Amino acid sequence: MASSEERRFEVLRAIVADYVSNHEPVGSKAIVDRHNLGVSSATIRNDMAALEEEGYITQPHTSAGRIPTDKGYRLFVDHLADVKPLSSAERRAIMNFLDGAIDLDDVLRRSVRLLAQLTRQVAVIQYPTMSSATLRHLEVVPLTPARLMLVVITDSGRVDQRTIDLGDVLSEENVYRIRDVLNSTLSGRRLTDAASRVADLPDQAPGELRDALIRVCTVLVEHLVDHPEERLVLGGTANLTRNVADFPGSLRQVLEALEEQVVVLKLLAAARNPGAITVRIGEENEDEQMRSTSVVSIGYGKDDVLLGGMGIVGPTRMDYPGTIAAVRAVANYVGQILAGS
């Protein structure tokens, strides 16, 4: 950027910092007093006029200072070349807190709680997706002589259960034979690669197992391969109510949108690679109910394999550097923990 553009960006940075901190429109005198930019108040006013004309800031009242627009926040975020990392004490606290988790459910619940506390926003984490999962074990549990429970355990520690009505009585011995057939064929394979092998199993099975295997395999393909259930953990929703003024007339819409799993999954859909941060600001959000919010999301995983997404939802007036650092750190530790699962 040319020197005048660099200075204008520093003015924008000052307006963002002060407005995020104080929630008050920022005037030229405040910028001169609080930020050492080395220019006069008149120069600052000229820069603010140029920024306003370009759509980066706006004047909410005729006698007030300026506040950033969505476009202004976007320019600010795009020039965050260096996000200050968390301190070693903060990183240690995160690791110690997450290390105490006993299973995948506990890891994700703790992560959501921690992320909501660190950012003071709404935190959301997606369970590891089935599309990226490898089957670790399939357990078949007889509930009654004619009903089974199929328990699918993946390499990430995700556990999914389905109940299957057999339509006929099956001995306990044959239940365990079905379990052995499923595990010998599918254990260690990606779920997305398992469908064709599952389809062939009934034809290869002994006659007395065929009907039961058809039902088991149908459920396995339909619910865990073709239409896997995507699960989410949400936390810190009450944090939004601390910033009601940031959602004029739209807080209820935001809360209703967060209750809809499809909307939240769309917010995380940009996550394609572990560690890649995506920031959507205001009008950039596809869902109309979320256009008064900003969403900072990231993919988490292990060995460059994306397992799921996580992130925060909050007002556009947020501490973007601190939020990005917190989201990145928690995602990194969740990936490390699951890599050791």
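The values are calculated or read from the model by the stated rules, or taken from the named source; none is laboratory data. Predicted model only: the values in this text are computed from it and were never measured. For neighbour counting, all protein chains shown are included, and Cβ atoms are generated from backbone atoms with ideal geometry for every residue, glycine included. Side chains are part of the model used for accessible areas, which takes the heavy atoms of the whole protein and leaves out ligands, DNA and RNA. Shrake-Rupley method; radii C 1.70, N 1.55, O 1.52, S 1.80 Å.
Loop-located trypsin sites (Lys or Arg not before Pro) in the stretch 271-314 (DSSP state not H, G, I, E or B) with no more than 10 neighbouring Cβ atoms inside 10 Å: Arg272.
Of the GluC sites (Glu not before Pro) found in the stretch 22-82, none is in coil by DSSP with at most 11 other Cβ atoms within 10 Å of its Cβ. Over all other residues within a Cβ to Cβ distance under 12 Å of Thr144, the charged ones net out to -2, with Lys and Arg as +1 and Asp and Glu as -1.
Averaging Cα coordinates gives a centre for the stretch 247-290 and one for the stretch 76-134; these two points are 18 Å apart.
Extension gain, Met95 to Arg190: 0.36 nm times the residue separation minus the Cα-Cα distance gives 31.3 nm.
If the chain linking Arg34 and Ala146 were pulled fully straight, counting 0.36 nm for each residue of separation and taking away their Cα-Cα distance, it would gain 32.9 nm. The apolar share of the surface of the stretch 213-323, taken as the fraction of accessible area on carbon and sulfur atoms (1.4 Å probe, ligands and nucleic acids excluded), comes to 47 percent. Backbone amide hydrogens, once placed in the peptide plane, bring Arg189 within less than 5 Å of Leu135, excluding anything fewer than 5 places away on its chain. Largest first, the residues Ser250, Ser21 sort by 1.4 Å accessible area into Ser21, Ser250. For Thr192, the accessible area of its heavy atoms, probed at 1.4 Å with every protein chain present, is near 70 square angstrom.
Helical content alone sets the calculated 222 nm signal of the chain at -14500 deg cm²/dmol, taking -39,500 (n - 2.57) per DSSP H segment of four or more residues and averaging over every residue.
Mind checking which helices in the chain clear 20 Å along their axis (Cα) and have mean Kyte-Doolittle hydropathy of 0.5 or more, DSSP H runs only?
Passing helices, by number: 207-221, 320-339.
Which entry in (1) 155; (2) 191; (3) 164 is this structure's computed volume of the Cα convex hull per residue in Å³? The value matching this structure is (1). Ordered by solvent-accessible area of protein heavy atoms (1.4 Å probe), largest first, the residues Leu234, Leu265, Leu213 come out as Leu234, Leu265, Leu213. Loop-resident GluC sites (Glu not before Pro) (DSSP state other than H, G, I, E or B) in the stretch 260-341 with no more than 14 further Cβ atoms inside 10 Å of their Cβ: Glu260, Glu286.
Note on His137: accessible area approximately 60 square angstrom, rounded to 10, probe 1.4 Å, nucleic acids and ligands left out.
Quick check for the chain: number of Lys pairs with alpha-carbon distance under 24 Å, counting only pairs 8 or more apart or on different chains?
Taking the Cα cut-off of 24 Å, the pair count is 5.
A simple rule links phi to the HN-Hα coupling: the Karplus curve 6.51 cos²θ - 1.76 cosθ + 1.60 with θ = phi - 60°, which for the stretch 285-297 gives 6, 5, 7, 4, 5, 9, 7, 9, 10, 10, 10, 10, 10 Hz, with x for Gly and Pro. Between the amide H of Leu166 and those of Arg147, Leu148, distances stay under 5 Å, these residues lying 5 or more places away or on another chain, with hydrogens modeled in the peptide plane. Between Gly308 and Thr129, Tyr300, the built amide H atoms are under 5 Å apart, and every one of these is 5 or more places off in sequence or on another chain.
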